[in-house]
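Dropping the structure in here first, questions after.
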């Protein structure tokens, strides 16, 4: 009885604290986010919204002057979208890699809780495949939706260059001979470079981009833990962006200390590479802000030793004051636990001029706090190639606040041939397309000529 | 331990089993919780995470086996309490329960990621729990010896 009472008392005490402290969320976006003191918990705040999919006739909600329609529904966990030179859109779908080996009693419990958020019982099952969507006339109704590549190994990033389609699986970059217009790839790919995969493959999404001159690929490799709790050996060549020579497959670490970087993108017309990064968990609802940053060759951005420059993380041993001193402050905070995964720069003319030159960012949504954050697509204005001003919500309504469930969750973002914004929605199993309200593709530009093989 | 000796009736097999299970299972948390303190100490000196994993598994296993031991001990106590007072049993009960509750809190502390799962609250709780378990076991041994006379 005493045990029961004691346990009951402890549970009540824990439940009593089940809300995040009051905080001005807007103080945590932009170049100088407010950073409260780190907090550690008996039970860290967790609020996972289970998925339920989109009811018929329901869509995400867009900002004034825009409209949104589903370009594809019933996909199998689409996480990334990419526009080919001829206008075809690739939807990269991925199964999570096999579960990590259990090291602590906590591990299977956390895995179970997080899984609740990424699928729903009667929805389509995740597959590791790339689906090609062709909407040549741009009316939002594809003429063709077909599987281009199947049975991949948890792919995420994809990039096309001169007759080759590069796919970043979770364990390797694979190159496929490909001509835009093609709707099926039958030949096996050529292994370009191995990437760090399992057996522990904690942050497994490897995204990909190519340098403006086409000589180098850039692949993101996330850390193998929250804060090195799987040991230092597991972190070799991780938490960084790799530069891969496109011709030879040789690689080197381009920038490091990036806990879970995704969607590397060159700012149009420059050699500046930007990336969105998911920062560490379990230091409180308002630590540490995820961010958008440009990365320098050889730059170190803090993980695991410190965050946002020189804020030392108390959970790391041995500490490394030299690395802390070197840590570069990121450019622009997006808010804590928003889980920014998608990034694309807007240079087209279709959407209102206000969006030209800025960045769209897909925020998958939080789990490590009570008040949800993220679960939307935001726009970050840029001035002179640098983020400037507060983020604006462009696409919202993924979260059913009243019922604490998600219709969908945004991940990768891209811009199609017409200039519409394309969004991968992994829980909703959809690809969404955002255009100006009432827009019809009358003056659609002709498709880019197919590039030589 | 079985306290059927104060009873004039021949010891019932059921009671002997209850007391035996309580004692047998109780040996596990005594060993596990004290060893978790040792593995905590080693972790803080080596930073080798393997020792931290040892600690959290030892604490978890100690909670499970300790929980079972407390259950059988409680049933045994309810059954035998009318057949005479056992001086020292009160301390044994109090110390064991306190150790179990603190170990439960410690399991949550030890489930944090990295250094602060152990350093600070973690290793202090491990030390207190180990001490309480040793005291509780000592009390139990004294009670047993006195009752056996």
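If you scan the range A:42-56, which residues turn out to be part of a loop (DSSP other than H, G, I, E, B), crowded, with 18+ Cβ neighbours inside 10 Å and in contact with a helix residue (DSSP H, G or I) (Cβ under 8 Å, 6 or more places away or on another chain)?
Those that are part of a loop (DSSP other than H, G, I, E, B), crowded, with 18+ Cβ neighbours inside 10 Å and in contact with a helix residue (DSSP H, G or I) (Cβ under 8 Å, 6 or more places away or on another chain): A:48, A:49.
One residue is enough: does the range A:429-447 have a residue meeting the conditions under 26 Å from residue A:287 (Cβ atoms), in a loop (DSSP other than H, G, I, E, B) and modelled with pLDDT of 95 or more? Reasoning before the result, please.
So the first thing to find is which residues in the range A:429-447 are under 26 Å from residue A:287 (Cβ atoms), and the list is none.
Scanning the range A:429-447, I find no residue that is under 26 Å from residue A:287 (Cβ atoms), in a loop (DSSP other than H, G, I, E, B) and modelled with pLDDT of 95 or more, so the answer is no.
Can you pull out every residue in the range A:326-352 that is outside any loop (DSSP other than H, G, I, E, B) and farther than 23 Å from residue A:81 by Cα?
Selection gives A:326, A:332, A:333, A:335, A:336.
So residue B:49 fits all but one of (1) surrounded by 15 or more Cβ atoms within 10 Å (Cβ to Cβ); (2) away from chain A (no Cβ under 14 Å); what number is the exception?
Result: residue B:49 fails condition (2) only.
Scan the range A:181-202 residue by residue and report those that are more than 14 Å from chain B (Cβ to nearest Cβ) and surrounded by 15 or more Cβ atoms within 10 Å (Cβ to Cβ). Walk me through it before giving the result.
Filtering the range A:181-202 down to residues more than 14 Å from chain B (Cβ to nearest Cβ) leaves A:181-199, A:201.
Listed by number, the residues that qualify are A:182, A:185, A:189, A:192, A:193, A:195, A:196, A:197, A:198, A:201.
Would you check which residues across the range A:275-285 are buried (at least 24 other Cβ atoms within 10 Å of the Cβ) and away from chain B (no Cβ under 13 Å) and list them?
A:275, A:276, A:277, A:278, A:279 - these are the residues of the range A:275-285 that are buried (at least 24 other Cβ atoms within 10 Å of the Cβ) and away from chain B (no Cβ under 13 Å).
So which residues in the range B:90-103 are closer than 18 Å to residue B:120 by Cβ and surrounded by fewer than 21 Cβ atoms within 10 Å (Cβ to Cβ), if there are any at all?
Taking the range B:90-103 first, the residues closer than 18 Å to residue B:120 by Cβ are B:102-103.
If the condition is that a residue be closer than 18 Å to residue B:120 by Cβ and surrounded by fewer than 21 Cβ atoms within 10 Å (Cβ to Cβ), then B:102 is the only one that fits.
Could you list, in sequence order, all residues of the range A:149-166 that are under 22 Å from the mean Cα position of the chain (by Cα) and either more than 17 Å from residue A:264 (Cα to Cα) or without any contact (Cβ under 8 Å) to a residue 40 or more places away in the chain (or both)?
A:149, A:150, A:151, A:152, A:153, A:154, A:165
Residues in the range A:226-245 that are within 14 Å of chain B (Cβ to nearest Cβ) and either touching a strand residue (DSSP E or B) at 6+ places or on another chain (Cβ under 8 Å) or closer than 23 Å to residue A:172 by Cβ (or both): how many? If you could, list the steps in order and put the result at the bottom.
Looking only at the range A:226-245, we keep the residues that are within 14 Å of chain B (Cβ to nearest Cβ), and these are A:226-235.
So of that shortlist, the ones also either touching a strand residue (DSSP E or B) at 6+ places or on another chain (Cβ under 8 Å) or closer than 23 Å to residue A:172 by Cβ (or both) come out as A:230, A:233-235.
Final tally of qualifying residues: 4.
A further question follows. Name the single residue, out of those in the range A:96-124 being assigned to a helix (DSSP H, G or I) and touching a residue at least 40 places away in the same chain (Cβ under 8 Å), that is surrounded by the most Cβ atoms within 10 Å (Cβ to Cβ). Talk me through it step by step, then tell me what you get.
Initial filter on the range A:96-124 (assigned to a helix (DSSP H, G or I)): A:106-118.
In the following step, the residues that additionally are touching a residue at least 40 places away in the same chain (Cβ under 8 Å) were identified as A:113-114, A:116-118.
On the way: A:113: 12, A:114: 13, A:116: 13, A:117: 20, A:118: 17.
The selected residue is A:117.
So in the range A:1-41, with the set limited to residues that are part of a loop (DSSP other than H, G, I, E, B) and within 14 Å of another protein chain (Cβ to nearest Cβ), which one is modelled with the lowest pLDDT? Give the derivation first.
From the range A:1-41, those part of a loop (DSSP other than H, G, I, E, B) are A:1, A:17-24, A:31-41; that's our starting set.
Checking the rest, the ones that are also within 14 Å of another protein chain (Cβ to nearest Cβ) come to A:1, A:17, A:37-41.
Working: A:1: 36, A:17: 55, A:37: 95, A:38: 94, A:39: 92, A:40: 91, A:41: 91.
Applying the filter and picking the extreme gives A:1.
Here is a follow-up. Looking at the range A:368-388 only, could you name the residues that are closer than 24 Å to residue A:113 by Cα and without any contact (Cβ under 8 Å) to a residue 12 or more places away in the chain?
none
Collect the residues in the range A:98-149 that are within 14 Å of another protein chain (Cβ to nearest Cβ) and in contact with a helix residue (DSSP H, G or I) (Cβ under 7 Å, 6 or more places away or on another chain), keeping them in residue-number order.
Of all residues in the range A:98-149, those within 14 Å of another protein chain (Cβ to nearest Cβ) come to A:100-111, A:113.
Hits for the range A:98-149 are A:100, A:102, A:103, A:104, A:105.
Restricting attention to the range A:140-163, which residues are in a strand (DSSP E or B) and surrounded by fewer than 18 Cβ atoms within 10 Å (Cβ to Cβ)? Outline the logic, then answer.
Here is the first cut: in the range A:140-163, the ones in a strand (DSSP E or B) are A:144-149, A:157-161.
Result: A:144, A:146, A:147, A:161.
Please name all residue pairs, on different chains or six or more residues apart, with Cβ atoms under 6 Å, provided the first residue is in the range B:64-92 and is away from every other protein chain (no Cβ under 12 Å) and the second residue is surrounded by fewer than 16 Cβ atoms within 10 Å (Cβ to Cβ) and at pLDDT below 80.
So the pair list comes out as B:83/B:6; B:83/B:7; B:84/B:6; B:88/B:142.
Scan the range A:175-188 for residues that are part of a loop (DSSP other than H, G, I, E, B) and modelled with pLDDT of 95 or more and jot them down.
Here is the first cut: in the range A:175-188, the ones part of a loop (DSSP other than H, G, I, E, B) are A:178-179, A:181, A:183-188.
Across the range A:175-188, the qualifying residues are A:178, A:179, A:181, A:183, A:184, A:185.
Follow-up question, since we're still on this one. Would you say residue A:271 is away from chain B (no Cβ under 14 Å) and more than 30 Å from residue A:43 (Cα to Cα)?
On the way: away from chain B (no Cβ under 14 Å): yes; more than 30 Å from residue A:43 (Cα to Cα): yes.
Yes.
Given the criterion modelled with pLDDT of 95 or more, under 23 Å from the mean Cα position of the chain (by Cα) and under 27 Å from residue A:283 (Cβ atoms), identify the matching residue among A:409, A:386. Quick ask: steps written out before the conclusion?
Values: A:386 fails: under 27 Å from residue A:283 (Cβ atoms).
Just a single option satisfies the conditions, and that option is A:409.
So, one more: I'd like to verify a number: residues in the range B:107-120 that are in a helix (DSSP H, G or I) and either more than 11 Å from chain A (Cβ to nearest Cβ) or free of Cβ contacts under 8 Å to residues at least 60 places away in the same chain (or both), how many? Don't jump to the end; show me each part of the working.
Start the filter on the range B:107-120 by keeping residues that are in a helix (DSSP H, G or I), which leaves B:107-109, B:115-117.
Going one step further and asking which of them are either more than 11 Å from chain A (Cβ to nearest Cβ) or free of Cβ contacts under 8 Å to residues at least 60 places away in the same chain (or both), we end up with B:107-109, B:116.
Total meeting the criteria: 4.
So, one more: When you check residue A:170 against the structure, is it assigned to a loop (DSSP other than H, G, I, E, B) and either buried (at least 22 other Cβ atoms within 10 Å of the Cβ) or modelled with pLDDT of 95 or more (or both), yes or no? Spell out the reasoning first.
Numbers: assigned to a loop (DSSP other than H, G, I, E, B): yes; either buried (at least 22 other Cβ atoms within 10 Å of the Cβ) or modelled with pLDDT of 95 or more (or both): yes.
When the stated conditions are applied, residue A:170 passes them.
Here's something else I'd like to know. Quick one: which residue in B:59, B:123, B:128 is more than 24 Å from residue A:313 (Cα to Cα), at pLDDT 95 or above, more than 10 Å from chain A (Cβ to nearest Cβ) and touching a helix residue (DSSP H, G or I) at 6+ places or on another chain (Cβ under 7 Å)?
Values: B:59 fails: more than 10 Å from chain A (Cβ to nearest Cβ); B:123 fails: more than 24 Å from residue A:313 (Cα to Cα).
Sole residue among the options that is more than 24 Å from residue A:313 (Cα to Cα), at pLDDT 95 or above, more than 10 Å from chain A (Cβ to nearest Cβ) and touching a helix residue (DSSP H, G or I) at 6+ places or on another chain (Cβ under 7 Å): B:128.
The values are calculated or read from the model by the stated rules, or taken from the named source; none is laboratory data. These figures come from a predicted structure and were not determined experimentally. Glycine also receives a Cβ, built like all others from the backbone with ideal geometry; neighbour counts cover every protein chain displayed.
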